[in-house]
1. For region A:184-207, indicate whether the set of residues that are closer than 16 Å to residue A:254 by Cα and within 8 Å of chain B (Cβ to nearest Cβ) is non-empty.
2. Helices (runs of 4 or more DSSP H) wholly in region B:198-315 with at least 1 residues that are under 21 Å from the mean Cα position of the chain (by Cα), crowded, with 18+ Cβ neighbours inside 10 Å and facing chain A (nearest Cβ under 10 Å) - which ones?
3. Looking at residue A:179, is it touching a residue at least 12 places away in the same chain (Cβ under 8 Å) and either buried (at least 22 other Cβ atoms within 10 Å of the Cβ) or closer than 30 Å to residue B:90 by Cα (or both)?
4. Can you list residue pairs whose Cβ atoms sit under 9 Å apart, with the first residue in region B:74-102 being in a helix (DSSP H, G or I) and the second being aromatic (Phe, Trp, Tyr) and modelled with pLDDT of 95 or more? Count only pairs 6 or more apart in sequence or on different chains.
5. Can you name every residue in region B:186-197 that is surrounded by fewer than 23 Cβ atoms within 10 Å (Cβ to Cβ) and not polar (S, T, N, Q)?
6. Return the only residue of B:113, B:138 being at pLDDT below 95 and assigned to a helix (DSSP H, G or I).
Amino acid sequence: MAEQHALPTTRGRWWLPVSLVVLLGALALGVMVGPAGSWGTADWNIIWNVRMPRVALAGIVGSMLSLAGASYQGVFRNPLVDPYLLGVAAGAGLGATIVFALGRSTTAGWPVDPLPVVAFVGGLLAVLLTYLVGASFGAGRSGVTLVLAGVAVTSLATAVQAFVLQRNNDVIREVYSWILGRLTTATWSDVRLVLPYVVVSSIVLLLHRRHLDVLRVGDDEAAALGTQVQRVRLAVVIAATMGTAAVVSVSGLIGFVGIVVPHAVRLLAGSSYRRLLPLSLVIGAAFLILADIPGRVLQNPAETPIGVVTAFLGAPFFILVLRTRKVAA
Amino acid sequence: MKIRFTALATAAALVWSLAACGDDDGASTATTAAPAATTAPAPTDTAAPAPDTSAAGPVPERIVSLSPTATEMLFAIGAGDQVVAVDEMSNYPDEALAKATALSGYTPNVEAIAAYEPDLVVHDGSTDLGAQLDSLGIANWVGAAAMTFDDIYAQIEQLGVATGHVDEATALVANMRAAIEQAVASVPQLDKPPRYYHELDPTYFSVTSNTFIGEVYGLFGLRNIADTTEGTTDYPQLSEEFIISQSPDLIFLADSKCCGESRDSVAQRPGWAATSAVSTGSVFIIDDDIASRWGPRVVDYVQLVADAMAYVADLSAG
């Protein structure tokens, strides 16, 4: 299972330009296709105000989730890890549910929409709790304790969310559409809101791509090679969590992207994080933009939730990954 | 010891088979029902007079309502004094608020309901509650979500019979019919039927005409933009692009209470200013509760749509 070569091969050099071309194609297709008609027939007002921000947000969310997923898989050396591992999704979901339960009519007059803010804070608090719990029981050097703490915090937050929801069952539809992912209401202000977090997070993660390659040999060996294992792990986890919490707060929970895309990239271009991270960023953006197209046109003029599309494509792919067993985290 | 045990077992088996046999015999005839009831433990015994006969028999004095719609109907036909408790969602009329409890119609707890010692429970049949109440021998009436105006009238009349307010129920139905007829007649016919978008929540969930809500707009010949969906659901989530490109003449917001949407908030959505409804100010708020309950206040709903239609007619005239 160990990778034969960690160095990017010459063949690998082609993948980045190729994936960029794919992304450009996805962008063009995403902007051209939609319920209101194709590029020539649709009103510019709709294309600019509704379709373009949605395509942009899909791209940003897709790239962030894929990059975070690949990074988490690296630091925890576990191929099954997704960006929601440490409780970000459950914490953000709880935060969003609380805002919905407060009543959107109450919050409508507030100067700032509390939904993304509270979801973001909820996600970060959940991960902080996971980290404190994991650390207090002596986080194993491979991070297993941390992962288990994440499972516990996720269950806790989900239970509280279910309770709040049960007490306010008039908001079930809103919470439900948030949980299944909502690119449906994307605006340019959403894009402006998340972009700074995603840019900072992506830069930090990309800067650590060589460290992630070293970590693949094991903590002790990596330490012997001069890597500060705990510092790298902390930096990567914080950056990935920040980015994930930011995108989740505006897009809701979009499943499987963070697992499917990094593994697809591994199958195509090898497991070196030097290639995996930038490729995941680009392919992830293209994937979610393309996945959102059936969401918009499949049941036109009705919507198909993006989370349904990604999971529907993701689950069979996941089985394929398990079968081919070419994955080395 | 062993022998005695076997004998006991045989005896038990014999009794069992006899009982089973008797059961088989009696299943088809009504005669065994009576002895079964007399030998049965307390719950069914005490409640035996209540079920089935409630319509013609004694008038219920302790009604528990788990449906906000049924609560509105009960108070409108003068049965409010017989109501002892209403569920947490029942918030109309004001007199009902005095009887508000934490009882839930979505996740009903039959023990908590039974604690009010009701002699009639009204609910919407969306849960398994009916079977549980039957097993306790508590009479219950089900008013499922109405699909047509006739469903509403029928439910009001049924409640009138069940609570001993037949005359009031008949009068209420007559008044509703008259008010709705008058509201519809007050609106001038338009050459081209306006198209509307009915919003259930800010993520663009809507309804098709195949619902009670669609029925209300249908009175006025309005066209629903959601009717082009070919899905199996009557509550589709429309895409924003589609709504804007359809440029509906009227927008009805049934998400003002839940979600704080308003004429202003819709106008501020990017791209929406271009729609006919926003540019002509034809965005109307319908109280979330009125739009989701099939009770007596459907008259208010119809009147509101009539007012909206009059506004649109004025626009096209002037």
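1. Checked against the condition, which is being closer than 16 Å to residue A:254 by Cα and within 8 Å of chain B (Cβ to nearest Cβ), region A:184-207 yields at least one hit.
2. Working: elements: B:212-218, B:240-246, B:256-259, B:263-268, B:276-279, B:288-292.
So the answer is B:256-259, B:288-292.
3. yes
4. These pairs meet every condition: B:95/B:75; B:96/B:75.
5. Result: B:187, B:188, B:190, B:191, B:192, B:193, B:194, B:195.
6. Values: B:138 fails: assigned to a helix (DSSP H, G or I).
Among B:113, B:138, only B:113 is at pLDDT below 95 and assigned to a helix (DSSP H, G or I).
Conditions (1) of a type outside the set (Val, Ile, Thr); (2) over 26 Å from residue A:213 (Cα atoms); (3) not in a helix (DSSP H, G or I), marked per residue:
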| position | (1), (2), (3) |
| --- | --- |
| A:230 | yes, no, no |
| A:243 | yes, no, no |
| A:283 | no, no, no |
| A:291 | yes, yes, no |
| A:323 | yes, no, no |
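So that you can scan it fast, the table gives a plain yes or no per residue for (1) modelled with pLDDT under 85; (2) out of contact with any Ser or Thr (no Cβ under 9 Å at 6 or more places or on another chain); (3) among the hydroxyl-bearing types (Ser, Thr, Tyr):
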{"position": "A:46", "(1), (2), (3)": "no, no, no"}
{"position": "A:80", "(1), (2), (3)": "yes, yes, no"}
{"position": "A:91", "(1), (2), (3)": "no, no, no"}
{"position": "A:94", "(1), (2), (3)": "no, no, no"}
{"position": "A:101", "(1), (2), (3)": "no, yes, no"}
{"position": "A:116", "(1), (2), (3)": "yes, no, no"}
{"position": "A:123", "(1), (2), (3)": "no, no, no"}
{"position": "A:132", "(1), (2), (3)": "no, yes, no"}
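The values are calculated or read from the model by the stated rules, or taken from the named source; none is laboratory data. It should be emphasised that the depicted structure is a prediction, and the values quoted were computed from it without experimental measurement. Because the Cβ atoms are built from the backbone with ideal geometry, glycine has one as well, and the counts that use them run over all protein chains shown.
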